2 protein chains.
Amino acid sequence: MAAHSIAAAYSTISAHASSLPCGRAPAQHIGFHQLTSLSSCGLRSLLLSHYAPKSSSSWCAVSIETLERNAASGQMLEKSVTLEQNVASGQLLEKCVNTIRFLAIDAVETAKSGHAGMPMGCAPMGHILYDEVMRYNPKNPYWFNRDRFVLSAGHGCLLQYALLYLAGYDSISENELKQLRQWGSRTPGHPENFLTPGVEVTTGPLGQGIANAVGLALAERHLAARFNKPGSEIVDRYTYVILGDGCQMEGISNEACSLAGHWGLGKLIAFYDDNHITVDGDTGIVFTEDVNDRFEALGWHTIWVKNGNTGYDDIREAIKEAKAVTDRPTLIKVTTTIGFGSPNKANSYSAHGSPLGTKEVEATRHNLGWPYEPFFVPEDVKSHWSHHVAQGAALEADWNAKFAEYEKKYPEDAATLKIIISGELPADWVDVLPKYTQASPADATRNLSQQCLNALAKVLPGLLGGSADLASSNMTLLKMFGDFQRDTPEERNVRFGVREHGMGAICNGIAQHSPGLIPYCSTDVVFTDYMRAAMRISALSEARVMYVMTHDSIGLGEDGPTHQPIEHLMSFRTMPNILMLRPADGNETAGAYKVAILNRKRPSVLALSRQELPHLPGTSFEGVGQGGYIISDNSTGNKPDLIVLSTGSELQIAVKAANELRREGKTVRVVSLVCWELFEEQSDEYKESVLPESVTARISIEAGCTLGWQKYVGAKGKIIGIDRFGASAPGGKIFKEYGITEESVITASRSL
Amino acid sequence: MAAHSIAAAYSTISAHASSLPCGRAPAQHIGFHQLTSLSSCGLRSLLLSHYAPKSSSSWCAVSIETLERNAASGQMLEKSVTLEQNVASGQLLEKCVNTIRFLAIDAVETAKSGHAGMPMGCAPMGHILYDEVMRYNPKNPYWFNRDRFVLSAGHGCLLQYALLYLAGYDSISENELKQLRQWGSRTPGHPENFLTPGVEVTTGPLGQGIANAVGLALAERHLAARFNKPGSEIVDRYTYVILGDGCQMEGISNEACSLAGHWGLGKLIAFYDDNHITVDGDTGIVFTEDVNDRFEALGWHTIWVKNGNTGYDDIREAIKEAKAVTDRPTLIKVTTTIGFGSPNKANSYSAHGSPLGTKEVEATRHNLGWPYEPFFVPEDVKSHWSHHVAQGAALEADWNAKFAEYEKKYPEDAATLKIIISGELPADWVDVLPKYTQASPADATRNLSQQCLNALAKVLPGLLGGSADLASSNMTLLKMFGDFQRDTPEERNVRFGVREHGMGAICNGIAQHSPGLIPYCSTDVVFTDYMRAAMRISALSEARVMYVMTHDSIGLGEDGPTHQPIEHLMSFRTMPNILMLRPADGNETAGAYKVAILNRKRPSVLALSRQELPHLPGTSFEGVGQGGYIISDNSTGNKPDLIVLSTGSELQIAVKAANELRREGKTVRVVSLVCWELFEEQSDEYKESVLPESVTARISIEAGCTLGWQKYVGAKGKIIGIDRFGASAPGGKIFKEYGITEESVITASRSL
């Protein structure tokens, strides 16, 4: 077995880490570059025993599961190797925990805003997680097989910032802590993955994080099932999450946790910070359910640590027990005191969201015996925590070696896994997308979408997803795969049940797991209202989730106004960093999928029809990428008499009306404005070529609200749309009654 | 005790009922008119024993709680009076239940779309509820003290339509059933309260109905606590709801049911239609939690009826047991077979959402022994159900008599309750709203909002509400009241916890309970994303809910982009039938409340600032009602050089910029566009007087997305806004970095 020297391995890792940009996280997660460079290494146990013991640290035997190659059989055999690991105890442990508390206190005090109370209460569990339990590499926050940590109670971000700082992540320096919540810092008011390497997902809006964690755990279980081999568990990590009372109250957490229980995600371990305090006071005024009983009903294993403030061993035991239960996720309810250590504000809502104030900070310093200056990390604490850089490098190197072995034995699987880890797209993947001609049978875009999804699933190994109980209606089943279920986690059809919000947030977790995982999820367009908060997080956190949304207008017919979107298309056009695509037929649907896959840093919403649509002359697969383009025009010199703009199912109406007007001798251009965001990104020249400023005779037709269309139609044009709720009747009837017709376009053209 | 003849009471009631319009429900609920006209009646037990026994009906003793006046003491004493009531049993019962099933089957078959499977399975519980248990008056669907029924599984609307038809409601005729899901019918694809009297709330989007039911039950409990007197339970009714697997999976239902358990809403009885089938197949693929255990954890009493298909007595016993448990709501899990009676489609997803098809309908007719033509109601069934019109009239008359007694003894309480029942606004209520001058201290509009709420609470007895755990931040506490809690249900501050979605839907239920109940609810603007589905139902179902939303822009500062709305203002402007109000200062905030209260048939969103704002010269309390108005102008002849449009916290920037430009010699008009929807409703003359077509030099400034502003700014104007996510930093810093400044307006004006 070839082995680089430890120093060499470190320098490789450091080189990568130091190349991290200061602003947003790098476009390419770097995990795989290292994996490649170290693929021939096997530094495992050598590195894991490298750390020198410190004076105030005790050494205890910790069992870390790892693998050893059985040279004789050529099999990878699982073996529990006992490694020495540095665990703080006694005074040092208290000091470490208080360091976290005071970093939080001092940062909030300096910022004059923020939430120190939660980190003060959760410091013990945070310390144990990051110092004793979790496997990560501070110098490569994107190492593939790292344990994932999610702070669902995102307002307590200082817990995570302090831990990342102590663990040696480059993203959080002392200066960043001092710049908490300031312009340009990496320490925003809530954790943001795109800003701070080491933060896995963007949290703050309550309940999102626990659902993200379910997605991260799903990803692990799925990849482990697909890629692990007997004796070679190449995917093998835990997902840890801390959530608070607020997360527990949000419906999204129940949705996601019901699924986690159903799926039996045994490597998901959730810490419920049971501190009895919310913004409005004691939880007794509004939250008296039995949380652990509810989780038992959801199929979870539950534990209650009654003293989360100082019961370190109880926390350790609970984690051990949680790991021993492999067929169910575990909820560890940890009763803590918010603002622990503050003599006058602990256990009160005044410790939740405001600085303690100079006087109370002093009192807390006195109370906890903390003589240090603000932001000071005692030498012994620093020294103790310093082992994580080496340990992390060792863990990654060990895994790299394991992967190298795996690659030799299972080259095809390794190649596939590499695609998932790196996010690289296979060559010619676009070619699998179907092409259509006008002779192709008319079809609903929801059906054409299914053809695209099934074509892509063959070439994109990381494509997986499903619907919120409408797979047969949203047309999202991947026909060559079965269901992702407890006993078949290797499959790629995910059944989310009627849980749109949880679905969206779970997909955010999947997308953030690895650049090559491409989750899609689906429901009717109108029910995006149930999941909008998760979709906004997709957009903000740059998660490539494909939202395959069907039944995109009154055209769905009889189900009536509760099911008919009116304002939804436009409402997503108003949201930053998300693409709203409304294809008109087969080629545009395929083009929309190309766009959605290529946009690695933003989610896409595909709005698809329930009703049949013809394949139109002039629509274009490539045109979708420009967002708006001319599908037909009988004018010359970029001066048509009239421009008709439309999207999706109404484009055929625009085409028919244009043909009629052309027969009357007019020159008419028809523009498909399939994705406004992409059109805006085109050059001024291109935009002028499609929508020349001089042509003010413009009509738009879309079965949605009119507000917003003024942008393209201008003050002198006419907008045909719907500014009231829909109705229950056959779709064609509603189109007619609401005037979404060829006749309306022709009538409008007369008045221009 | 004076008593009208039965016939006279009926004719009074019928006259009201027949005056119901054919389209949307009447603007004024009619409950109180009758109450007034019958207030001197005391027809109680006389009427309740009026119905003649039918040949196939058995007579059994049913205890109905009612009241009898104790003439000696003058007290109203509660007394259990044994009344004879007509309960179908044996063959007649089966026939009644099958009538419901086949009305559903035939209607779906005729419409060629719809959901018959759920009504086929739930017909037994539906029959028992409407025939044996519920107290209602078919000829006055708005009788105040009626039991409320909510079909949370709204796709099963035919269950309710069939029951309303059999019970004698005028809204559902045989012809309406034949017109299921057709243009102009009262039988839309999902129940719509505004279209079909007898339907309490609009359902279909899953989970909304159960949360509405919690709101209806809250309203009962609150009003009972405020108005009932020893021996005079003037408010005394149950809320029944049927919800399915889909509702159970939605997070909103867990939110609302957690609150119902916390509040101990003992008169809420929920039937969980446990049919094991969803659109995508067996619930086993996605929903394996133990629902009853979860509800026990939420503080509910639970029962399981294992045979919901034919176990009539089990259902009856369960209801009896549920009523006996008064300190907790009850969930009755009723295991049913979807599509019960269909030999080949029962218990399969093919019975869920499609017509059975001619052949299977015939097979079902044969299987259930149903020889009748489509839509036929056998005479004995018709005859049996016919007693509900008389019974309902008697129940209402009885209550009217009770109310008359109550009014004599407690005139003040009765007058207050009348306001709540009728929805009439007290004279001069508007006068309590605060007025401000430029000398008033600058303040955040969230604080000014609290002044308005507290002023209104003094004169509007039906005003109640609260926040999703941000009362102290949203500033929504009513200072003269305590918390609505299990032991203090008469109070008016409702603590919703971090449950935005449930909060919105609960408020919909409160608003639909009585025209004079005015619920408000509150969170940060950005978290409207969590509750948008409920807000859309407010708009669609014409529920006057006041959404008091604070932290309305990047101005909130340090909490960062997860908390900063960008697209939200515009996204509500795109939604039909909801008012988005963004007041700039004190007078506009007070004006916004006036608008919100006066708009009985639509909800309002108030977008309020976290940061201090000055009281501006020219802003106007009355101006808000016009949606947009001139706050200052130094031009003459309606021809300013420039118009600057703004809303909310940016209006002060517009004012400053305008002043600067005026100093430079320009004529500048500043327009506050506080509510776009109301501005659109003004006359063309008024709109022209504010935004003259000839003035194309226009600039808008709003700390939100630019899309949409083109409508008022036109092609030649400039829009200053934000088309990216926010940032974590002090608010003033972000305003500056994002260019939401006076300088930006001035620069923009130079380029016009």
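Listing for the model above:
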| item | result |
| --- | --- |
| So B:Tyr130, is it closer than 25 Å to B:Asn508 by Cα and out of contact with any strand residue (DSSP E or B) (no Cβ under 8 Å at 6 or more places or on another chain) | no |
| Residue match in segment A:426-439 (condition: touching a strand residue (DSSP E or B) at 6+ places or on another chain (Cβ under 8 Å) and farther than 30 Å from A:Pro141 by Cα) | no |
| Residue list for segment A:489-528, filter: farther than 26 Å from B:Asp282 by Cα and not polar (S, T, N, Q) | A:Gly509, A:Ala511, A:His513, A:Pro515, A:Gly516, A:Leu517, A:Ile518 |
| Residue among A:Ser253, A:Ser232 that is polar (S, T, N, Q), facing chain B (nearest Cβ under 8 Å) and in contact with a helix residue (DSSP H, G or I) (Cβ under 6 Å, 6 or more places away or on another chain) | A:Ser253 |
| Search result, residues across segment A:314-342 that are assigned to a helix (DSSP H, G or I) and over 26 Å from A:Leu103 (Cβ atoms) | A:Glu317, A:Lys320, A:Glu321, A:Ala322, A:Lys323, A:Ala324 |
| Test: residue in segment B:367-374 that is part of a helix (DSSP H, G or I), more than 14 Å from chain A (Cβ to nearest Cβ) and over 30 Å from A:His301 (Cβ atoms) | yes |
| Only listed residue being closer than 21 Å to B:Gly264 by Cβ and in contact with a strand residue (DSSP E or B) (Cβ under 6 Å, 6 or more places away or on another chain), chosen from B:Gly466, B:Gly497 | B:Gly466 |
| Selection status of A:Gly586, more than 9 Å from chain B (Cβ to nearest Cβ) and small (Gly, Ala, Ser) | yes |
| Hits in segment B:444-456 - residues which are surrounded by 22 or more Cβ atoms within 10 Å (Cβ to Cβ) and free of Cβ contacts under 8 Å to residues at least 60 places away in the same chain | B:Gln450 |
| Segment B:152-211 - residue that is more than 11 Å from chain A (Cβ to nearest Cβ) and of a type in the set (Asp, Glu) and, of those, surrounded by the most Cβ atoms within 10 Å (Cβ to Cβ) | B:Glu200 |
| Exclusive hit being under 18 Å from A:Pro519 (Cβ atoms) and of a type outside the set (A, V, I, L, M, F, W, C), set A:Asn175, A:Asn254, A:Asn193 | A:Asn193 |
| Candidate set: segment B:467-485, residues that are more than 9 Å from chain A (Cβ to nearest Cβ) and closer than 17 Å to B:Gly502 by Cβ; chosen: the one surrounded by the fewest Cβ atoms within 10 Å (Cβ to Cβ) | B:Phe484 |
| Close pairs from segment A:707-718: first under 9 Å from B:Gln710 (Cα atoms), partner small (Gly, Ala, Ser) and at pLDDT below 95, Cβ under 7 Å, at least 6 apart | A:Gly714/B:Ala715; A:Ala715/B:Ala715 |
| For B:Met134: the one exception among (1) under 28 Å from B:Ser422 (Cβ atoms); (2) hydrophobic (A, V, I, L, M, F, W, C); (3) crowded, with 24+ Cβ neighbours inside 10 Å | (3) |
| Single residue of B:Ser683, B:Ser635, B:Ser700, B:Ser649 found to be surrounded by 21 or more Cβ atoms within 10 Å (Cβ to Cβ), hydroxyl-bearing (Ser, Thr, Tyr) and over 22 Å from A:Lys711 (Cα atoms) | B:Ser649 |
| Only one of B:Glu360, B:Glu379 that is free of Cβ contacts under 8 Å to residues at least 40 places away in the same chain, among the acidic types (Asp, Glu) and crowded, with 20+ Cβ neighbours inside 10 Å | B:Glu360 |
| Filter result for A:Cys452 (in contact with a Leu (Cβ under 8 Å, 6 or more places away or on another chain), away from every other protein chain (no Cβ under 14 Å) and either closer than 26 Å to A:Gly623 by Cα or not small (Gly, Ala, Ser) (or both)) | yes |
| Unique residue being in contact (Cβ under 8 Å) with a residue 12 or more places away in the chain, more than 19 Å from B:Ala468 (Cβ to Cβ) and in contact with a Cys (Cβ under 9 Å, 6 or more places away or on another chain) when the list is B:Ala584, B:Ala534, B:Ala590, B:Ala543 | B:Ala590 |
| Segment A:489-513: number of residues that are buried (at least 24 other Cβ atoms within 10 Å of the Cβ) and more than 10 Å from chain B (Cβ to nearest Cβ) | 11 |
| Members of segment B:564-581 that are touching a residue at least 60 places away in the same chain (Cβ under 8 Å) and within 7 Å of chain A (Cβ to nearest Cβ) | B:Ile566, B:Glu567, B:Met570, B:Arg573, B:Thr574 |
| Selection status of B:Arg610, of a type in the set (Lys, Arg) and under 18 Å from B:Arg446 (Cβ atoms) | yes |
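The values are calculated or read from the model by the stated rules, or taken from the named source; none is laboratory data. These figures come from a predicted structure and were not determined experimentally. Heads up, the Cβs are rebuilt from the backbone with ideal geometry, glycines too, and the neighbour counts pull from every protein chain shown.
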